[in-house]
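The values are calculated or read from the model by the stated rules, or taken from the named source; none is laboratory data. As the structure is a computational prediction, the values presented were derived from the model and not from experiment. Don't worry about glycine lacking a Cβ; one is built from the backbone with ideal geometry, like all the others, and counts go over all protein chains shown. Heads up: the accessible areas ignore ligands, DNA and RNA and are worked out on the full protein's heavy atoms, side chains in. Shrake-Rupley method; radii C 1.70, N 1.55, O 1.52, S 1.80 Å.
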Amino acid sequence: MHEKIVFIGNDKGFVYGSIKKGLEEQGFNIISVNSDIAYIMGKESESKIWLLYIENEVTDYVKIFEYIKKAVISNDVMLYLIASDSEIRDVHRYIPEHLIKHAFEKPVDMSSMYKYFSLMVLKQEEVEQEKSILIVDDDPSSLRALSDFLSVKYKVYMANSAMNAIMFLTKKKVDLIILDVSMPVVDGTQVFQMLQDEPSTRDIPIMFLTGNSEKDVVMNVLSLHPVKYLLKSMEPDKLILSIDDFLDSRK
């Protein structure tokens with residue numbers, strides 16, 4: 001397998017060492033990184049899979065959280081977390097839940113975690129050549145639900161604001177953008193116009209997604225000529241089918 005994982009934590013700790021050894025026995029190449037911002041910076045060039053083990057007070061990790069959040073948004077890092085239930089909730093104050101791929105609750109079920117990572121790598125290899133989708137939505141539950149449905153078949157990225165979406169698109173191109181109409185500060189229609197005005201993104205197809213089915217909202221959105229207009233109230237299978245049909249037509 002030889003997949004690299006950046007493992008952040010107390011690299012002298014007993015539990016850390018046990019987890020590291022177990023992952024290595026499963027065939028993973030573990031890059032040990034002490035939980036100090038000086039050691040973490042730049043590690044995204046070594047692997048996009050990061051596993052953060054919380055051992056101290058969550059407030060001790062604030063600078064680390066700030067750096068990791070930027071790495072997830074800007075450099076496509078996939079973040080995994082090992083923490084207690086209360087620590088996980090506290091981490092969400094600094095890193096939004098939708099930016100964390102998965103959280104393993106302490107005490108860690110080692111065999112389940114090893115199996116999870118093994119399956120994750122296999123799935124990643126399967127979708128490497130698949131179409132990629134960026135979902136932009138400020139609602140974490142809606143963002144996560146749609147991502148879960150689509151990630152079965154597609155490579156899915158998430159952004160919870162216009163700024164994060166635009167920052168992501170300066171680093172990576174996708175095959176489709178699914179854009180929520182109603183977002184604070186900069187709404188979906190404004191993001192649409194910004195992306196259309198930028199040569200590097202104007203050719204990326206955009207679907208609008210909204211929970212508002214009022215006629216004036218629909219007409220305003222349709223006047224921008226998105227490739228599709230999707231309602232959040234649609235049955236999940238119909239919503240996914242609509243996305244499948246569009247992407248299949250572009251193969």
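On full extension, the segment bounded by D60 and F149 gains 28.5 nm, given 0.36 nm per residue less the C-alpha separation. An ellipsoid equivalent to the chain, defined through the eigenvalues of its Cα gyration tensor, has semi-axes of 35, 19, 17 Å when rounded to whole angstrom and sorted largest first.
Using heavy atoms of the protein chains and a probe of 1.4 Å, the accessible area assigned to F149 is about 110 Å². Among the trypsin sites (Lys or Arg not before Pro) in region 1-109, those located in a DSSP loop and surrounded by at most 15 other Cβ atoms within 10 Å of their own Cβ are K12, R93.
Quote the accessible area belonging to H92 in square angstrom, nearest 10, computed with a 1.4 Å probe and with ligands, DNA and RNA left uncounted. Counting only protein heavy atoms, H92 exposes about 60 Å² to solvent. With the simple spin-label model, which puts each label point 7 Å out from Cα in the Cβ direction, the N29 to K115 separation comes to 2.8 nm.
Its Kirkwood hydrodynamic radius, worked out from the mean inverse distance over all distinct Cα pairs, puts region 1-71 at 12.4 Å. Taking amide H atoms as placed 1.01 Å from N in the peptide plane, the amide H of F104 lies under 5 Å from those of L81, I82, A83, each 5 or more residues away in sequence or on another chain. Proximity of backbone amide H atoms, modeled 1.01 Å from N, is registered between I49 and V6, M78 at under 5 Å, excluding neighbours fewer than 5 places apart on the same chain. Cross-link pairs exceeding 31 Å between alpha carbons, from the set K4/K106; K63/K228; K63/K131; K106/K232: K63/K228; K63/K131; K106/K232. Here, region 46-126 is characterised by an Rg to Rh ratio of 0.96, where Rg is the alpha-carbon radius of gyration and Rh the Kirkwood radius.
Here the spin labels are modelled as points 7 Å beyond Cα on the Cα-Cβ line, and at D175 and K106 they lie 4.1 nm apart. Computed over neighbours whose Cβ is under 15 Å from that of F104, the net charge equals -1, Lys and Arg +1, Asp and Glu -1. Given R0 = 45 Å, the distance between the Cβ atoms of S182 and D36 translates into a calculated FRET efficiency of 0.65. Taking every DSSP helix (H) stretch of at least 4 residues in the chain, weighting each as -39,500 (n - 2.57) and dividing the sum by the residue count yields a mean residue ellipticity at 222 nm of -12500 deg cm²/dmol. Considering only L195, L224, L179, the Gaussian network model of the chain with Cα springs below 10 Å gives its largest mean-square fluctuation to L224.
Normalised per residue, the accessible area of region 59-203 is 49 Å², obtained with a 1.4 Å probe and no contribution from ligands, DNA or RNA. Between E97, E130, E57, the residue with the greatest mean-square fluctuation in the GNM of the chain (Cα pairs under 10 Å linked by springs) is E57. Among A38, A165, A71, the largest mean-square fluctuation in a Gaussian network model of the chain, built with springs joining Cα atoms closer than 10 Å, belongs to A38.
At an R0 of 35 angstrom, the distance between the Cβ atoms of E198 and S233 translates into a FRET efficiency of 0.65.
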